[in-house]
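Engineer: Got a structure for you, questions after.
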Amino acid sequence: MSGERERWSSRPGFILAAVGSAVGLGNMWRFSYLTAEHGGAAFVALYLVLTLLVGLPLLLAELVLGRTAQSSPIRAFLRSGSKAWRPLGVLYVISGCTILSYYGVIAGWTVRYAGIALLGFDAEIADRFEDMAQGGDAFGFHLVFMALTIWIVAGGVSGGIERAATLLMPILALLICGLALYAATLEGGSAGYDYYLRADFSEVLSRGVLTQAAGQAFFSLSVGMGAMLTFGSYLGRDHHLPKESGLIAAADIGVAFLAGLVVFPLIFALGLSDKVTGSTVGALFITLPQTFAEMGGVVGRVVGFLFFAALVVGALTSAISLLEVVVSSVIDLFDWSRTRAAWVMGCLITLLGVPSAWSLGVLDVVDQVANNLFLLGGGLLLSIFVGWVMRDPEAEARVGAERFSGFGLWRVSLRFLVPVVLVFVLYDAVPKTLRAIAELVSGG
Ligand code: TRP
């Protein structure tokens with residue numbers, strides 16, 4: 001390794017970058033379609049419980065491990081454990097490549113929709129979704145989005161990632177709050193709040209929903225593949241990690257909740273609630289553009305543009321964290337320059353996105369593999385590593401947080417609660433995902 005390790009330039013800068021990683025398409029696209037599919041508020045409650053009990057301890061674990069090791073995932077497991085754990089770091093890098101490859105495709109759709117919104121959505125927009133989402137054009141927008149992501153990451157930790165987050169996150173917050181306020185003024189939107197905030201527990205008490213909620217909790221918080229670990233590796237020892245983890249999780253949950261307050265009243269106010277399909281893309285890419293088309297005129301254009309602009313911004317600050325895992329590993333392992341690592345790995349990942357750009361079926365299965373196998377599996381192994389293998393993680397976590405009293409609880413939950421919940425969830429998630437892969441392969 002050459003030279004000094006890069007550092008965040010300030011505490012708020014780090015927090016904004018971490019919140020930027022967490023807040024993204026997961027909070028707006030995934031959160032709203034899963035909530036629509038699984039009983040509104042009851043699903044939200046389950047997601048909340050899993051975020052606090054399982055996601056938050058893992059988030060803290062990643063930050064502690066990253067700060068302790070001062071290196072990217074592959075080295076971190078080697079330094080704080082043994083050779084046997086090195087493959088977990090490799091898995092994290094593979095997860096990063098996989099998630100970013102299709103995340104960039106979806107982000108590409110949002111870029112395109114922001115552009116179309118400005119020109120005004122037309123009434124047939126919903127019917128054209130499948131054409132727009134698949135094929136050469138979809139790849140083109142993916143390419144544009146990836147180029148932007150690569151350019152930011154090539155700018156460095158403080159000069160690229162932190163600077164982008166500091167600029168973009170306040171904009172995102174303004175957009176989301178403004179849209180939620182606007183949605184509150186719509187007549188007829190109250191049915192949307194009802195739908196969103198009234199619990200239907202009959203949907204929630206099945207194991208399948210638990211898998212979805214757990215996957216969502218991990219995806220939304222960016223845990224289970226070393227993104228937060230990598231961000232933690234640029235931290236000094238003066239950070240109160242428990243407090244900062246709590247802040248990051250709170251911001252992530254807050255934005256997801258706000259996104260629901262935008263999406264549901266909008267859809268219901270324009271009478272399109274029966275069009276909310278359960279598909280991966282339903283609420284966001286089919287129903288909402290139709291909503292903006294119905295609004296028509298300048299209002300429809302402006303609101304539609306601001307909505308998709310918020311998505312682009314959220315997606316960008318998340319995508320940079322995914323790429324950073326890969327780039328930071330390549331820099332640590334092969335001693336490449338940052339610019340070279342960012343462009344070479346970024347281009348490879350862009351190409352890896354070709355199948356997802358060409359077929360929604362492929363994209364859906366890659367999303368399942370990433371969430372159900374990589375993130376949940378990666379989280380399980382991480383809890384075992386920090387809970388059982390790493391030497392005295394409590395002492396490491398206590399640095400900068402001497403007076404915090406919850407470390408015992410944290411350790412116990414990493415050792416017992418988190419692994420037990422994850423094994424239970426994986427018991428359902430693994431066969432389901434393997435079935436989805438088999439279907440895709442046999443269906444051609
Ligand atoms: N959390 C982001 C979102 O909600 C996506 C993301 C960024 C992510 N980095 C990650 C997901 C790392 C899993 C792991 O859109």
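Engineer: Tell me yes or no: at least one residue of region 286-304 is under 20 Å from the mean Cα position of the chain (by Cα), on the phi < 0 side of the Ramachandran plot and open to solvent by 10 Å² or more (accessible area, probe 1.4 Å).
Structural biologist: Among the residues of region 286-304, not one is under 20 Å from the mean Cα position of the chain (by Cα), on the phi < 0 side of the Ramachandran plot and open to solvent by 10 Å² or more (accessible area, probe 1.4 Å), which makes the answer no.
Engineer: Next up: Can you pull out every residue in region 310-336 that is acidic (Asp, Glu) and away from the ligand (no atom under 16 Å from the Cβ)?
Structural biologist: Result: Asp332, Asp335.
Engineer: Being more than 30 Å from Glu4 (Cβ to Cβ), under 19 Å from the mean Cα position of the chain (by Cα), open to solvent by less than 20 Å² (accessible area, probe 1.4 Å) and within 16 Å of the ligand (Cβ to nearest atom): is that true of Gly108 here?
Structural biologist: In short, yes.
Engineer: Of the residues Ile150, Ile171, Ile176, which single one is away from the ligand (no atom under 15 Å from the Cβ) and open to solvent by less than 30 Å² (accessible area, probe 1.4 Å)?
Structural biologist: Exactly one residue qualifies, and that residue is Ile150.
Engineer: Tell me, please, whether a residue that is open to solvent by 40 Å² or more (accessible area, probe 1.4 Å) and either of a type outside the set (Asp, Glu) or touching a residue at least 60 places away in the same chain (Cβ under 8 Å) (or both) can be found in region 19-34. It would help to see each step written out before you state the result.
Structural biologist: Taking region 19-34 first, the residues open to solvent by 40 Å² or more (accessible area, probe 1.4 Å) are none.
No.
Engineer: Count, please, the residues in region 235-267 that happen to be open to solvent by 10 Å² or more (accessible area, probe 1.4 Å) and either among the hydroxyl-bearing types (Ser, Thr, Tyr) or within 10 Å of the ligand (Cβ to nearest atom) (or both).
Structural biologist: Looking only at that region, the number is 1.
Engineer: Determine if region 280-294 includes at least one residue that is more than 16 Å from the ligand (Cβ to nearest atom) and either among the charged types (D, E, K, R) or not in a helix (DSSP H, G or I) (or both). It would help to see each step written out before you state the result.
Structural biologist: Just the residues of region 280-294 that are more than 16 Å from the ligand (Cβ to nearest atom), to begin with: 282, 286-294.
Pick out the ones that are also either among the charged types (D, E, K, R) or not in a helix (DSSP H, G or I) (or both) and you get 294.
Yes; the residues of region 280-294 include at least one that is more than 16 Å from the ligand (Cβ to nearest atom) and either among the charged types (D, E, K, R) or not in a helix (DSSP H, G or I) (or both).
Engineer: Next up: Go through region 319-344 and count every residue that is assigned to a helix (DSSP H, G or I) and either at positive phi or in contact (Cβ under 8 Å) with a residue 24 or more places away in the chain (or both).
Structural biologist: Residues flagged as assigned to a helix (DSSP H, G or I) and either at positive phi or in contact (Cβ under 8 Å) with a residue 24 or more places away in the chain (or both) within region 319-344 amount to 18.
Engineer: Yes or no: region 88-99 includes at least one residue that is among the hydrophobic types (A, V, I, L, M, F, W, C), away from the ligand (no atom under 14 Å from the Cβ) and at negative phi.
Structural biologist: Yes, region 88-99 has at least one match.
The values are calculated or read from the model by the stated rules, or taken from the named source; none is laboratory data. These numbers were taken from a predicted model, which means no experiment stands behind them. Cβ sites come from the backbone with ideal geometry, for glycine too, and all protein chains shown count toward neighbours. These area figures cover heavy atoms from the full protein model, side chains too; ligands, DNA and RNA do not enter into them. Shrake-Rupley method; radii C 1.70, N 1.55, O 1.52, S 1.80 Å.
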